[in-house]
1. Being at pLDDT 95 or above, closer than 30 Å to Ser456 by Cβ, in the same structural domain as Ser361 (by TED's automatic domain parsing) and in contact with a strand residue (DSSP E or B) (Cβ under 6 Å, 6 or more places away or on another chain), is that true of even one residue in the stretch 309-321?
2. Going through the stretch 188-213 one residue at a time, which ones are of a type in the set (Val, Ile, Thr) and in contact with a Lys or Arg (Cβ under 8 Å, 6 or more places away or on another chain)?
3. Is there a residue being closer than 24 Å to Glu101 by Cα, polar (S, T, N, Q) and surrounded by 17 or more Cβ atoms within 10 Å (Cβ to Cβ) anywhere in the stretch 165-183?
4. Out of Ser294, Ser287, Ser317, which single residue is farther than 28 Å from His80 by Cα and not aliphatic (A, V, I, L, M)?
5. Which of the following residues is under 14 Å from the mean Cα position of the chain (by Cα), assigned by TED's automatic domain parsing to the domain that holds Ile319 and closer than 22 Å to Ala363 by Cα: Asn279, Asn263?
6. Is it the case that the stretch 205-216 has a residue that's surrounded by fewer than 24 Cβ atoms within 10 Å (Cβ to Cβ), modelled with pLDDT under 95 and farther than 20 Å from Tyr37 by Cβ?
7. Restricting to strands (runs of 3 or more DSSP E) lying wholly in the stretch 236-338: which have 1 or more residues that are among the basic types (Lys, Arg) and on the phi < 0 side of the Ramachandran plot?
8. Is there any pair with a first residue in the stretch 25-46 that is closer than 18 Å to Gly3 by Cβ and a second that is part of a strand (DSSP E or B) whose Cβ atoms are under 8 Å apart and which are 6 or more apart or on different chains, and what are they?
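The values are calculated or read from the model by the stated rules, or taken from the named source; none is laboratory data. Only a predicted model underlies this, so the values are computations on that prediction, with no experimental measurement involved. Ideal geometry is used to build each Cβ from the backbone, glycine not excepted, and the neighbour counts take in all protein chains shown.
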Amino acid sequence: MVGRVGPANLDLSEAHRFPNRPVAVGGALHWDVLGLYQGVLDGLRLAARSGGVASVGIDTWAVDYGLLDADGLLLGNPHHYRDARTEGAAAKVTAAVPAEELYGITGIQHLPFNTVFQLAAAAGTAQLGAARTLLLVPDLLTYWLTGTIGAEITNASTTALLDARTGTWSASLLDRLGIDSGLLPQLRFPGDPAGTLGREVVEWTGLAPGTPVTTVASHDTASAVAAVPATGRDFAYISCGTWSLAGLELDAPVITEASRAANFTNERGIDGSFRFLRNIMGLWLLSETLRTWSANGLPAELGPLLAQAAGAAPFVSLIDPDAPEFLAPGDMPARIAAYCERTGQPVPADQGALVRCIMESLALAHRTALRTAAELSGRDIAVVHLVGGGSRNDLLCQLTADATGLPVVAGPTEATALGNILVQARAHGVVGDAAGMRRLVADTQHLRHYRPRGDSAAWASAAARIGLG
């Protein structure tokens, strides 16, 4: 994505889009990280044709990493967080550091694929034994572009290896878990320089020698939250895509037994802020459903299916989106049907009913996460900003307003890219503080507004049915 930024303009254009297809090999699920890097190079070459490029910044998803050997070479393809290797790994970690203490240090919610659990799963392997450096995916791509090594803090905070209060790698935690502290690079912060494009990159892309790479909020959600077009502080956000990340922006972490029990996380944002949120299985449920239908020759065009869902009867069948059986790739419609049978609910009668089930269930999960965040933090919520790909889903936006009883502002769709661009622009003196960045988004991007409607008691009853009351 190419951004053009000025005091009163913020324009984004797509230079190149390329697939990100996980690869199953040898009984494991991996990322094709070399293919992704080639996509980055191709994108930069196309971006160069659009005019001068002042800066480059990279964000990706969190928790996954590549390992470098003593020569700085990659040791195998990074594992995918949905790979089954982490099954049972959490028990190994909590045997050494009880879950309450792990949360007390890191403030990170329990997710089976957290980096700390991935490392436990890799313990004793030849690959980890040969490793000298661990780089999270955006740091790995930045290393290949520049030759410089670092760990950006918003992504580092998701590993459950960072001390939430000090903002440094937890030496005591690493020691108790037998993790070599030398694996973890020095921390970088959004806005820091990350080097310049290397000679080979310059030759391939046609970008100017010395083009800087700027550290951005490299966790995609952190970049998305940086671009939330809020005009005050009493807002909640839902960064909705494959996952729904629903929560609040705070000045300090909330690390209590209540927040641990509610499985809330405290991830770093820009300018020392904290993203107090809960990960919810998001539109992955829908995309896997569509993929399965398409593979089986069934209609899988989203628009008509959402129209059918909008006309379907409400609250017939509901699921907990975070049930473990929905995590791995596979036949999502069959899994949803099995869940409904197991919980004594009608199996969705047709495609529209199943999409309705997913949309209402996600809206209920949004409702619960935001209400819990407000209760745990003591913050009031006046408006919900729903950003990311899910902001294009009119049905989900309206159902989220209905379920939460709060107005929803939808957009921008490309919040992650905008947050990335704005942090670069600020580092180069083009825009001002975080509030100014958000005002620029609000003034320049297309936003849609949804008011709550319907029966709040019906939503409360539906939430109670699936344990989301």
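1. Residues of the stretch 309-321 that are at pLDDT 95 or above, as a first pass: 309-321.
With closer than 30 Å to Ser456 by Cβ added as a condition, the list becomes 309-321.
Filter once more, keeping what is in the same structural domain as Ser361 (by TED's automatic domain parsing): 309-321.
Imposing the further condition that a residue be in contact with a strand residue (DSSP E or B) (Cβ under 6 Å, 6 or more places away or on another chain) reduces the set to 321.
Scanning the stretch 309-321, I find at least one residue that is at pLDDT 95 or above, closer than 30 Å to Ser456 by Cβ, in the same structural domain as Ser361 (by TED's automatic domain parsing) and in contact with a strand residue (DSSP E or B) (Cβ under 6 Å, 6 or more places away or on another chain), so the answer is yes.
2. Residues of the stretch 188-213 of a type in the set (Val, Ile, Thr): 196, 201-202, 205, 211, 213.
If the condition is that a residue be of a type in the set (Val, Ile, Thr) and in contact with a Lys or Arg (Cβ under 8 Å, 6 or more places away or on another chain), then Thr205 is the only one that fits.
3. First, pick out the residues of the stretch 165-183 that are closer than 24 Å to Glu101 by Cα: 165-183.
Those still in the list that are polar (S, T, N, Q) too: 166, 168, 170, 172, 181.
Filter once more, keeping what is surrounded by 17 or more Cβ atoms within 10 Å (Cβ to Cβ): 170.
Looking through the stretch 165-183, at least one residue is closer than 24 Å to Glu101 by Cα, polar (S, T, N, Q) and surrounded by 17 or more Cβ atoms within 10 Å (Cβ to Cβ).
4. When all the criteria are applied, what remains is Ser317.
5. Numbers: Asn263 fails: under 14 Å from the mean Cα position of the chain (by Cα).
Result of the check over Asn279, Asn263: Asn279.
6. No: zero hits.
7. So the answer is 265-268, 274-281.
8. From residues that are closer than 18 Å to Gly3 by Cβ, the pairs are Leu44/Val56.
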